[in-house]
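The structure appears below as structure tokens.
What follows is calculated from the coordinates using simple rules that are stated; it is not laboratory data. All of these numbers come straight from a predicted model, not from anything done at the bench. Ideal geometry is used to build each Cβ from the backbone, glycine not excepted, and the neighbour counts take in all protein chains shown.
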Amino acid sequence: MRINSAAHVRVGSFAGRFLSAATVVWLAATFTFLVQCLMPGDRAQIIINIASGNVGEAPPAELAAVNAKYGFDQPLVLQYAKYLWGVLHGDLGLSYQQHRPVIDIIAEQIGPTVILASTALIAAWVIAVLTTVLVAGRDNMWSTLLSGVQVFLATVPPYWLATILLVVFAVQLRIFPVIGGNSLIGLVLPTIALALELSGFLGQVVRSEFTRVLEQPFVMSARARGMGELGVRFRHVLRHAALPGITLSGWAIGKLLSGAILIEAVFARQGLGGVLVAATSSRDVPVVSGAILISAGLFAVTSMLVDLTYRIVDPRIKMT
Amino acid sequence: MSRVGDWSVSSQPGEASGAIRRAPLRVYVALIVISFFIVAAIAPSLLQTHGPLAIDLTAPLQAPSFAHWFGTDQSGRDLYSRIVEGAGQSLTIGLGATSLSICVALVFGVIAGLVGGALDNVLSRLLDVLFALPTLFLALLFVSLFGPSVLTLVIAVGVGTAPGYARMIRGQVLSVKGAPYVEAAKALGHPYLRILWRHIIPNAMSPLTAMMTLGVGQAIVWAAGVAFLGLGVAPPAPEWGALLNAGRNYVIFAWWLEIMPGVAVVSFALSLTVVGRYLQDRLEGKI
Amino acid sequence: MRGVSFSLQAGRCLAIVGGSGSGKSVTSRAIVGLAGRRAHVHARQLTFAGTDLTTLNDRSWRRVRGKEIGFVLQDALVALDPLRQVGKEIGEALRLHGAVASSEELERRVVALLELVGVPEAEIKARQLPHQLSGGQRQRALIAAALALDPRILIADEPTTALDVTVQAQVLGLLEETKVRGKALLLISHDLAVVSRIADEVLVMHEGKVVERGSADQVFQDPQHPYTRQLLDAVPSARPRASRHSFLPAARPKLQSRSWEQLPSTFPSVVLSAAKLVKRFKGPDGVLRTAVDGVSFELRSGETLGVVGESGSGKSTMARMALALDLPDEGAVLFQGRAWTTLAERDRRARRRAISVIYQDPLSSFDPRWSVGHIISDSLASDVESKGERYDRVVQLLDLVGLSPALLDRRPLELSGGQRQRVAIARAIAPRPAVIVCDEPVSALDVLIQAQVLDLLTDLKAHLNISYIFISHDLGVVRQLSDRVMVMRQGCVVETGTRDEIFLNPRTDYTQRLLAAVPRLERGGAANRSFSRV
């Protein structure tokens, strides 16, 4: 009976989570739609300029044709409804430049970017956890050094760090390929470059919570039971210290995607970066908007995962 | 005994000067670095050794030396002088973006925190969404809408970083609003506006200085990121991100072109972080 | 702390008593080698059953901890890992010291341990998280964890501090049982009454040094050191004290000046009355809970109404309604014969100064940016106009609560706990209120400071003709201060009466149980007391 009701609550909770994830995507879609409408200048004109490559006034007939093709002549409300309907069906509109569906353009390129972001997230956790467990709360030089390094990593632009890594390890030492393509070995340097910045942030949060928890009475209890230092750190303290880190990981998705774009530029990697840079410089707004919408979707999915992980680590949180 | 006090809150400047006397060494170093860049931004010629745009085709791609402290670029322009020149634009973008984002955040955060209820729910949701969107993607969106310029970068980075501040301010307002001393003031029969003005706003805003200090560094890093992708302010303006972007192509044979502008960005951002954290720790009573 | 020495014997209880900062907790931690990295422990001799503990390395220490010495910390909510099942925590010592062969055996042993310490439904509780257990069950579970490997020594550091009196009595009974079963018990406490119940020997510590030691009889009946005498005397009780702890001279001419007699004689003698107050709150699960259920009371002019009850009895909610900080869902409070809780906030504001509040935690009730002078000045009656006049009044108020004007420019953070509560009192009396609501005003203070603050409150009442609503979980404190007492339980009033009626002649079962559970300072020592199980 009790278990049943708990299961019911769990379902309700997932429905709630899904609803809030859907809200995020809906609000993001509204945002990108408004941005496209409020774009300075006549959109049809811009599309024609992009296509012809020159700046000038197009004849009205040409403008009308473009307006009809993209549906700009319809009332805004109808355009909005159509846009939302399209988003629901995975249609993010047409690229002004390539005259292809935005979703296809992004789908072709997003794979490597997501892989890079995910491996970097994992690497950042490994770095943050290992350094914290080994060093945090020990009253010595290492601890001070670690906190300094973490502040440094959180401040340094990852793209700059990536360039240095590239020159040192790929060009000078030749340990890694300069252009790795999509190979596994080519993923190493970009991952490290992207992970280091996040590990700085993550490490600061985890370390400060770790240090705080180390002073808690239950840690003293565990020690008084005869538990050793490593046992205390891994079995008791780490679990608590991971909680704020898990929350941060959800928010870090945006940071990781931003960082991935820059890192891709440094390593000339395939991915969303190239598409976005090209689209931005040619003012292909639907593509940039589409990428924003996709990243909002990714965020919504990640925050559901983060929520789930949090509940596993902290069983005090009831499904409500 | 001398008569102590009129009961005003003791003035902030006095407090700050007392603080600086006791600050650790790294805060002094950071302050010196920050002052250097501020001077560079206001009066670059005071610090420059060469004209930032002076082309010297006889000395292209020279390694750092006494004549050229940070070396020269492909056109023989003195890199150090160019970095000093770029400080103005980078600082403008950093400060402008942070001010814009804090203004937006203040409006959002204070309303969400004070009014509460349904409005708070809607605003918080909205902030969550904006916060979820990658800052760089938003910046690119603005660049694609308005074309690259200093103003675009300021707006793009400002809007992109605002949700973070707004969430922080909202949380701060909420925690102060629920503090027992606010209730104690209510129990004394003070009107709400007076409590708002004398307790809630000053206490909720006190972390703002530290936040801004930390924010300017981050804003510069973001803006430089956009420029790094070649989408920033058009050359030959020596904005730091543009220098980084230009240096990328030469990094293999002229490392200084990439390293030195990066050192400028990092040392400035790091100094701001050091000072910001110091202020934060002081506010939280950790020092 | 320095120069502390003692010995523990099986089946005996040694208690270390002292105020906060006296070094008693550090001593107990030093015995298990956990005094912290920054502490330097030098011991000429620290032996356990013949083993010299000072020479142990970390690995050997771990074999002693848990196995030979069990350690119970205060407040089990934070002394048990909040993310792990209670059973896992209890089983940890067994697992660490390799005392069990299989997980089934571990589970069996854990359940047996929980049953041993009297936790009901042990099998279910073992699988729950600490916050799902009641305070008493948690403390029992913590003791079970310490007893897991049947250690010869049990160290209990303030084992009952965070507990309600009835639960406290049960936990003390449990500790007493372990002593009777032959464990050597080292009890650390600030509470002399708790200590007097089970200790055989007592060590009094003050500022890191032992100031007195002896058998419990000796220390409680014939204290030698002045600090011990002060401590004993500060324990709240009905008897008049031998010495006063307040710095306030008994009769100060200033106090009797007319300016303080603010109550016109036309007021009816009832200052504040509440009729059938009901307050419901929505819990985190969305279910409405009734925090206060039909409470009525009257507070007469110049009277102290003590309100006692265990945590969750609704006494604080009741106080907040008296202050009109929370408004009742049903019923109403009348203040000075006129409507109070039914008014619009705008109309209430002008009269709010006539009813003040003193919180348990003064620090959080002060704006952290404000100076002491600013805080007190802010609450002065609005008819004090000129700056000079305000200044004089603030200094006068500080003097009244026994604080020097030198503190005027201090921030609350720079004050000691006792000073903060005095500032809170000065702030409360500044607007010349008719009523002060005191919500656990001395619970966070050391016993000596507590006695000083209580004396101060008593004196102020006599001089200023203030009525108090005095809320406390501590019956001794309430008994010392109150004229009438109201006993609350689960949002309802169980019993109301004069102090003597309640304390000498309680009519209801609940009050009787409550009173029986209060540890009294028994000047006889453990030997003379019969072993009682609650």
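For the protein assembly as shown, taking Cα atoms only, Rg and Dmax work out to 34.8, 111 Å respectively. Equivalent-ellipsoid semi-axes for the stretch C:63-175 (Cα gyration tensor, √(5λ), whole Å, largest first): 21, 16, 12. Taking each residue as 0.36 nm, the span from A:ALA64 to A:GLU229 lengthens on full extension beyond its C-alpha to C-alpha distance by 51.9 nm. According to the calculation over all Cα-Cα pairs in the stretch A:230-292, the P(r) per 5 Å bin from zero is 4, 15, 17, 15, 12, 8, 8, 8, 7, 4, 2, 0 %. Within 10 Å of the Cβ of each residue in C:483-489, the mean number of Cβ atoms contributed by other protein chains is 0. Would you mind getting me the FRET efficiency between C:ASP500 and C:GLN221? Use the beta-carbon distance for r and R0 = 30 Å, nearest 0.05. It comes out at approximately 0.65. The label-point distance for B:PHE253 and C:ARG59, in a model that sets each label 7 Å from Cα toward Cβ, rounds to 6.1 nm. Panel values: chain C, Kirkwood radius from alpha carbon pairs, Stokes-Einstein at 20 °C and 1.002 mPa s, translational diffusion coefficient 84 µm²/s. Overall, the stretch C:112-185 carries a charge dipole of about 140 debye about its Cα centre when +1 sits on the Cβ of Lys and Arg and -1 on the Cβ of Asp and Glu, all other atoms neutral.
Using only the C-alpha atoms, the convex hull of the stretch A:104-205 corresponds to 112 Å³ per residue. Under 16 Å of direct C-alpha separation, and excluding same-chain neighbours fewer than eight residues apart, C:LYS209 reaches these lysines: C:LYS24. Within straight-line reach of C:LYS67, meaning a Cα separation under 13 Å, sit the following aspartates and glutamates at least 8 residues removed in sequence or on another chain: C:GLU92, C:ASP150.
This model, with +1 at the C-beta of Lys and Arg and -1 at the C-beta of Asp and Glu, gives the stretch C:13-233 a dipole about its Cα centre of some 780 debye. If a spin label sat at a point 7 angstrom from the Cα of C:ASP509 along the line to its beta carbon, the backbone N atoms of the stretch C:289-317 nearer than 20 Å would be those of C:309-311, C:313. Mean per-residue shielding of peptide A:88-95 is 0, counting Cβ atoms of other chains within 10 Å of each Cβ.
Counting every other Cβ atom within 10 Å of each residue's Cβ, C:THR51, A:THR113 order from fewest to most as C:THR51, A:THR113. Between A:LEU130 and B:ASP281, what's the calculated FRET efficiency when r is the beta-carbon distance and R0 is 30 Å? Round to 0.05. Efficiency at R0 = 30 Å is approximately 0.70. Given R0 = 60 Å, the distance between the Cβ atoms of C:ALA339 and B:ALA43 translates into a calculated FRET efficiency of 0.30.
Whole-Hz Karplus values for the stretch B:131-148 come out as 5, 6, 6, x, 3, 5, 4, 4, 4, 5, 4, 5, 5, 5, 7, 10, x, x Hz, taken residue by residue from phi with 6.51 cos²θ - 1.76 cosθ + 1.60 and θ = phi - 60°; glycine and proline positions read x. Which value in deg cm²/dmol, rounded to the nearest 500, describes the helix-derived mean residue ellipticity at 222 nm for the protein assembly as shown, given -39,500 (n - 2.57) per DSSP H run of n ≥ 4 and division by the residue count? After summing the helix terms and dividing by residue count, I get -17500 deg cm²/dmol.
Could you tell me how many cubic angstrom of Cα convex hull volume the stretch C:375-459 has per residue? Spread over its residues, the Cα hull of the stretch C:375-459 gives 97 Å³ apiece.
Residues C:ARG353, B:ARG125, arranged from fewest to most other Cβ atoms within 10 angstrom of their Cβ, appear as B:ARG125, C:ARG353. In summary, chain A shows an alpha-carbon radius of gyration equal to 1.24 times the 2.2 N^0.38 Å reference for compact globular proteins.
Distance distribution note for the stretch C:13-233: the fraction of Cα pairs above 34 angstrom is 14%.
Using 0.36 nm per residue and subtracting the Cα-Cα separation, the extra length available between A:SER281 and A:ALA81 on full extension is 69.1 nm.
You can think of it this way: the chain between A:THR144 and A:LEU19 has 40.6 nm of extra reach, that is 0.36 nm per residue less the Cα-Cα gap. For the residues of A:224-234, the average number of beta carbons from a partner chain within 10 Å of their own beta carbon is 6.
Counting only the Cα atoms, chain B fills a convex hull of 166 Å³ per residue. The modelled label-to-label distance for the pair A:ILE312/B:LEU25, using points 7 Å beyond Cα in the direction of Cβ, is 4.7 nm.
A simple spin-label model places pseudo-atoms 7 Å from Cα toward Cβ; at C:SER102 and C:ASP409 they are separated by 7.5 nm.
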